[in-house]
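Structure, as structure tokens:
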Amino acid sequence: MAGIGLIIIKRLGLGLLTMLMVSILIFGAVNLLPGDFAQAILGQGATPEAVQAIRRDLGLDQPLVERYFTWLFGVLQGDFGNSFAELNFSSYGGTTASANFGSVADKLAPRFNNTMFLAGVTALFAVPVSILIGVLAALYRNSIFDRVANITTLTSISSPEFFLAYILILILAVLNPILPSLSNIYDGMDFADRLERSMLPALTLTLVVTAHMMRMTRAAIINLLASPFIEMARLKGLSPFRVILFHALPNALAPIINVVALNLAFLITGVVVVEVVFVYPGIGQLFVDSVKIRDIPVVQACCLLFAAAYILLNLTADIMAILSNPRLRHPK
Amino acid sequence: MTEKEPLVRIRNLNIIGITDETEVPIINGVDLDLHRGEVIGLIGESGAGKSTLGLAAMGFTRDGCHIRGGEVTFDGIDLVDAGPEIRRELLGKRIAYVAQSAAASFNPAHRIIRQHSEAPMVHSVMPRQQSEEDAIDLYNRLRLPNPEEIGFRYPHQVSGGQLQRAMTAMAMSCRPDLIIFDEPTTALDVTTQIEVLAAIRDIVSQFNTAAIYITHDLAVVAQMADRIKVLFRGDEVEEAATGTMMKSPKEEYTKSLWAVRSFQRKQKPLAKKGEVPVISLQSVTAAYATTPVLREVSFDIHRGRTVAVVGESGSGKSTAARCITGLLPPLSGQVLNNGNPLPASFRQRNREQLRQIQMIYQMADTALNPRMKISEIIGRPVEFYLGLTGNEKKKRVFQLLEQIELDPAQYYNRLPTELSGGQKQRIGIARALAAEPEFIICDEVTSALDQLVAEGILKLLAKLQDQMDLAYMFITHDLSTVRAIADEVVVMKDGEVVESGAKNKMFKPPHHPYTDLLLSSVPEMDENWLDELLDQRGVENIGDAAVSKMAGN
Amino acid sequence: MLTQLAIWVGGGFLASLALNRALPGLGTGRVQDWIKNTGTVGMFGYYILATVLVLLVDYYVGFLMGANMPEWFKSISLLGSTRLPFLAWLLHGIVMFGVAGFIFRALGRSVGTELSRKMFRQMPITASFGILTILIYVIVAVFADIIAPYGQAEVFDRINLLPGGNPDLGGDPSHPLGTDQIGRDLLSRLIFGAQNTVGIAFVTTCLAFFIGASLGFLAATLGGWFDQFLSRIVDMLMAIPQLIFALLLMTIATAWAGSERWLITIYMILIIAVLDSTRVFRLSRAVGMNIVVMDFFEAAKLRGENLSYLVFREILPNAYAPLLAEFGLRFCFVFLTIAALSFLGIGIQPPLADWGTMVKDLSQFINFAAFSPLTAALPLLAAGAIALLTVAVNFVVDWMLHRSSGLKE
């Protein structure tokens, strides 16, 4: 077991390194902005004094490397800086500094919960359904069921998220008013209400993710069923059920876990568009809004958050795959 | 012989494969009878349909194959029209299967013994506990090392030869009436093969099991089978008892198969003392990353001579070739060409140095760019090294095609995918010749080919050597090829040269124990070869056991 | 109605059972095999499919005759009773596309060279539909100036004209799809959308392929530190979800572009091309690696061939098939990313017409579905135009991949 522990630690270390590199990348990208934050905030007509004041306040007069580490340590302690959108510009007219900044972290926290709720509901629907359909399609491949599933999922994958979203709105909110088309969620809402309001965005995401997951599961299982040890199991006279349960499934675990993690990571991208369509108060919507008004600290924080989730999911997938590999679990 | 109802009865069996909506016949009306306790050998070249026939005897067809007509009965039970339940009841319990690659056919997720006891349990032959005890007994009989413990390992923890025996044990787990052996030793080295052969033969006769033994190796089937059936492209050529078949085959095709083994060219005298060798390795040591693969390897290759480098997989024979070509720069030592040291890496060699050393590869399929016409494959080196263009180049390519005995007008504009395996290999030879080299490395050039085709290639290489005074380095694991073509032999094991010398000396004792083991492990075309060898050496002195004994010394 | 349904289903099941038992004695070998392999349940599946198709055709005929179907038909067709024009449009769409694909394939089988005819013979209906659709898009995109009635930026006096062209319902025959909030003709913008959205996606994909494939092949050929260096950079770029990264970079790009709006489109092309080239790099490197280990490549290397010969003569011709399939997939991905960016308001900039922005601008009309289906269909039309093209490309790629993977399934 020592070998496998080492492999996992190595993988964890690699994940951490990736995270660090990504933070540098994001920080570096933001610093590619023309001029600097101060100019970006105040625009063309700002007086030199005002610009100077903001620069001092944001620590922009420090060298780049130092600023990076200040930012990084801030992030590690949950401090993402302050949002430009809530800056009190008038306070920079004179010399008095230190205005009431809106903290990015305060802005993110409730929205982060909302997004996690949406992703969680989606995963709860999508994962079991898609794996089941995927396995069935693989078992009865080239049957009518498989072909219909193939065409449907291909269509669903090919459609932009907002197309699916509007179709669902059309059918379930406008023509048959069953669900609300806007997801206005606020604090202190009871769970059932919340679930109902998140239903349409969750359904949209489910459609997209299920299609991907089902196709990948099918491919993984078909690949597996072609291996000689499955033929051997059939030639032993085992029932199809036993072949699947005892011989295929233990080996299918790694690919399926991989598929699930990959698609949960895929959810992250989907969340952005879907939240905008349904005006769902999550991180994705905040991100897009901040991009439009160039609220750099928020953009930076959201980007980091999405990347972290993405890296974490990939890391989980890899580690699960290592753990389920008999060759690594039982070294020579 | 026919008074009793046979165990397996196949009549006029027709099987087709469906490719791209076109039907390809695989088996055309073959009959087969197999009685209890009898072993029949199915032999043929690739594409003869022997595996398909073997599986059909179990009532099984692979995806894409369909039984089009005929009957298959096992102990009076019709297998063609049987439902899946009836077939499942037979498979594993009364008919068992041993596949070519044990490593791929064992489920990597379960312990070996768990897979062993599965069939007896599912078919309610015996409970798991009893079956596992039985497994240990079988491992013992098959002379597996550590029989008490080996079953509790996972497949990837056991070596290939042992795994193949464990699979034979698994096939025996329900004491079936029939076992199908589908090329069980093809993927193994000769010294390992002999051990598996002995074990299989033993256990089949102990339990009086009937068996169908499928192989392309005549010498192997001669040891294993009571009767031999020869197949060619889905048709039966002939069938006879092993002895009769070996001594006096009736059909022309069978005779030609047998005759292959007789090709042998006269050995040339050793080069004179003091003659500068074309290629000389001088204490070459090499490693992949940190794994050492060659240790202080030295040998010479002289003009007009063929040096065969033999050894099992992992012995470093291909690595030696990579050092000569400069693909793997040695850690120490050097390679001389006509007495001049060659730069270690091919990147530092000049065009003239590169031209002198050419290579012919094992897999003709991957050796030729599938998207390039023959004219360019051969024409490119002509243009690149000799600077010929236009009509001159074309003339030279035509000349080369004639030399390799292919009709230039017909093949000049073809793509490699339109050629057969043997023709592709000839194109590979022409590409090497186009550079007009002094020295050619032939890396297992015949091992992927059927025997008749391989023979043609060997003859061609011999003819070209005489015409152009070429030096060959012949890498092979097949000793019959060595006998046929070599002048000198270099035996390698674990990255070292064990022994080297003229061929006639090497095939006569006394020699190094490893050479001895290697030579004696190659099956011969004599049905009593295995018995005699076992009598001579004893069961303990063959195969891996002997190798590890040697390492102990 | 339930009884009718029961008769349809039960009768069908009995029929397929009988067919399955009786037919093995009839027909040629292929048909027999097919029946044997399909089984009763499979036959029943085909039966259901056939029933649905028959009902569809019935309904279609009924629709053409003014939707005045007799009661008995409504009760069994299940569709006759529906009043949803959307469903009807969808069904017509599927039937029409299916028929068009079928006719196109039949045409392809009888016209052209032996090779192209063979290709069409082996083609499933989905792929022929895909090829036909792609062809139509290309024609519309290339000849948009000729096809479109007005220019994409032309502004008319009458804003927010309803579609349909019926003056009584607030339309105008000269603007069949109506006008938008500042009075631009929607039909023209939809047609020009093909040129802009598809054209820009195509250019971006080409650029991504140029960068990704050349670096990927170089990495495979050269190996060593060059390969390591590029691979690590790509790993890092791929550690951030693509759309998120694109949004971040677009923020910076918009700041750079300032008041020059058209620059944003150029920046977007560059950003997406670079981000997408990472995936192309991965694939072409993997494909290249598989070729580099082949003996023919080694032979060329040992001959002393230079880099350009190795890449262009030895690798590229053999990497064609997987790269072409990947080009299709990448195009879809880029196309969808650009559409998403435009939908979010940070992609292709006005006055260029594009589908993503159109969906965003028209999305409110979806709430009119109950009283004016045609108006509600407008945003769906633009979104559907995006979906249709990606579906078409995917169908073709799916078929290509299936073909090149041989008969594994």
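The values are calculated or read from the model by the stated rules, or taken from the named source; none is laboratory data. Keep in mind the model is a prediction, meaning the values are calculated, not measured. Please note: Cβ atoms are built from the backbone with ideal geometry, for glycine as well, and neighbour counts cover all protein chains shown. We work out accessible area using only protein heavy atoms, side chains counted, and drop any ligands, DNA or RNA first. Shrake-Rupley method; radii C 1.70, N 1.55, O 1.52, S 1.80 Å.
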Tally up the residues in region B:350-374 that are closer than 17 Å to C:Tyr309 by Cβ, open to solvent by less than 20 Å² (accessible area, probe 1.4 Å) and part of a helix (DSSP H, G or I), please. 1
So A:Asp57 ticks every box in (1) modelled with pLDDT of 80 or more; (2) open to solvent by 30 Å² or more (accessible area, probe 1.4 Å) but one. Which box is left unticked? (1)
Only one of these is under 26 Å from B:Ala462 (Cα atoms), open to solvent by 10 Å² or more (accessible area, probe 1.4 Å) and among the polar types (S, T, N, Q): B:Ser298, B:Ser332. Name it. B:Ser298
Search result, residues across region B:91-100 that are within 21 Å of B:Thr186 (Cα to Cα) and more than 7 Å from every other protein chain (Cβ to nearest Cβ): B:Ala96, B:Val98, B:Gln100
Would you point out which residue out of B:Glu238, B:Glu312 is part of a strand (DSSP E or B) and open to solvent by 10 Å² or more (accessible area, probe 1.4 Å)? B:Glu238
Conditions first: (1) under 22 Å from the mean Cα position of the chain (by Cα); (2) in contact (Cβ under 8 Å) with a residue 60 or more places away in the chain. C:Gly199 passes all but one, so which condition is the exception? (2)
Scanning region C:198-209 residue by residue, those in contact with a helix residue (DSSP H, G or I) (Cβ under 8 Å, 6 or more places away or on another chain), of a type outside the set (A, V, I, L, M) and either closer than 28 Å to A:Gly15 by Cα or open to solvent by 20 Å² or more (accessible area, probe 1.4 Å) (or both) turn out to be C:Gly199, C:Phe202, C:Phe209
Test for C:Leu341: is it in a loop (DSSP other than H, G, I, E, B) and buried (at least 20 other Cβ atoms within 10 Å of the Cβ): no
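Residue-wise test of (1) open to solvent by 60 Å² or more (accessible area, probe 1.4 Å); (2) away from every other protein chain (no Cβ under 14 Å); (3) closer than 25 Å to B:Ile200 by Cα; (4) touching a Ser or Thr at 6+ places or on another chain (Cβ under 7 Å).
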| residue | (1), (2), (3), (4) |
| --- | --- |
| B:Arg431 | no, no, no, no |
| B:Val445 | no, no, no, no |
| B:Asp469 | yes, yes, no, no |
| B:Met473 | no, yes, no, no |
| B:Lys503 | no, yes, no, no |
| B:His512 | yes, yes, no, no |
| B:Leu518 | no, yes, yes, yes |
| B:Trp529 | no, yes, yes, no |
| B:Asn541 | no, yes, yes, no |
Scan region B:490-508 and tell me whether some residue there is in contact with a helix residue (DSSP H, G or I) (Cβ under 8 Å, 6 or more places away or on another chain), modelled with pLDDT under 80 and within 30 Å of B:Pro249 (Cβ to Cβ). yes
Being touching a helix residue (DSSP H, G or I) at 6+ places or on another chain (Cβ under 6 Å), under 15 Å from C:Leu190 (Cβ atoms) and open to solvent by 50 Å² or more (accessible area, probe 1.4 Å) is the filter here, so list the residues in region C:113-163 that pass it. C:Ile147, C:Pro149, C:Tyr150
Test of understanding: among B:Arg322, B:Arg265, which residue is more than 30 Å from B:Glu45 (Cα to Cα), basic (Lys, Arg) and open to solvent by 30 Å² or more (accessible area, probe 1.4 Å)? B:Arg322
Quickly run through region A:186-234 and pick out the residues that are within 14 Å of chain B (Cβ to nearest Cβ), surrounded by 15 or more Cβ atoms within 10 Å (Cβ to Cβ) and either in a helix (DSSP H, G or I) or basic (Lys, Arg) (or both). A:Ile222, A:Leu224, A:Leu225, A:Pro228, A:Phe229, A:Ile230, A:Glu231, A:Met232, A:Ala233, A:Arg234
Quick check on region A:306-320. Is at least one of its residues part of a helix (DSSP H, G or I) and touching a strand residue (DSSP E or B) at 6+ places or on another chain (Cβ under 8 Å)? no
Go over the candidates A:Ile167, A:Ile131 one by one and state the one that is hydrophobic (A, V, I, L, M, F, W, C), open to solvent by 50 Å² or more (accessible area, probe 1.4 Å) and in a helix (DSSP H, G or I). A:Ile167
Looking only at region C:355-398, count how many residues are closer than 22 Å to A:Ile221 by Cα, modelled with pLDDT under 85 and more than 8 Å from chain A (Cβ to nearest Cβ). 0
Suppose we keep only residues that are of a type in the set (Gly, Ala, Ser) and within 30 Å of A:Ser181 (Cβ to Cβ) within region A:275-332. Which one would you say is most open to solvent (accessible area, probe 1.4 Å)? A:Ala309
Residue by residue through region B:101-157, note down the ones that are more than 30 Å from B:Glu540 (Cβ to Cβ), open to solvent by 50 Å² or more (accessible area, probe 1.4 Å) and within 9 Å of another protein chain (Cβ to nearest Cβ). B:Val122
If you go through region C:318-332 one residue at a time, do you hit one that is touching an Asp or Glu at 6+ places or on another chain (Cβ under 7 Å) and open to solvent by 10 Å² or more (accessible area, probe 1.4 Å)? yes
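Do you know which residues across region A:34-53 are modelled with pLDDT of 70 or more and among the hydrophobic types (A, V, I, L, M, F, W, C)?
Correct list: A:Ala50, A:Val51, A:Ala53.
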Keeping to region B:328-354, report how many residues are touching a Leu at 6+ places or on another chain (Cβ under 7 Å) and within 10 Å of another protein chain (Cβ to nearest Cβ). 4
For the subset of region B:165-187 comprising residues that are out of contact with any strand residue (DSSP E or B) (no Cβ under 9 Å at 6 or more places or on another chain) and surrounded by fewer than 24 Cβ atoms within 10 Å (Cβ to Cβ), which member is nearest to B:Ala103 (Cα to Cα)? B:Ala187
If I go through region A:143-163 residue by residue, how many of them are facing chain C (nearest Cβ under 9 Å), closer than 18 Å to A:Leu203 by Cα and open to solvent by 20 Å² or more (accessible area, probe 1.4 Å)? 4
Before we move on, is A:Leu136 free of Cβ contacts under 8 Å to residues at least 40 places away in the same chain, within 30 Å of B:Ala99 (Cα to Cα), away from chain B (no Cβ under 14 Å) and open to solvent by 10 Å² or more (accessible area, probe 1.4 Å)? yes
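So that you can scan it fast, the table gives a plain yes or no per residue for (1) away from chain B (no Cβ under 14 Å); (2) open to solvent by 30 Å² or more (accessible area, probe 1.4 Å); (3) within 30 Å of B:Phe384 (Cβ to Cβ); (4) in a helix (DSSP H, G or I):
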| residue | (1), (2), (3), (4) |
| --- | --- |
| C:Leu237 | yes, yes, no, yes |
| C:Leu249 | yes, yes, no, yes |
| C:Ala273 | yes, no, no, yes |
| C:Thr278 | yes, no, no, yes |
| C:Arg285 | yes, yes, yes, yes |
| C:Ile291 | no, no, yes, yes |
| C:Glu305 | no, no, yes, no |
| C:Ile315 | no, no, yes, yes |
For residues that are away from chain B (no Cβ under 11 Å) and of a type in the set (Gly, Ala, Ser), scanning just region A:235-276, find the one that is nearest to the chain's Cα centre (by Cα). A:Ala265
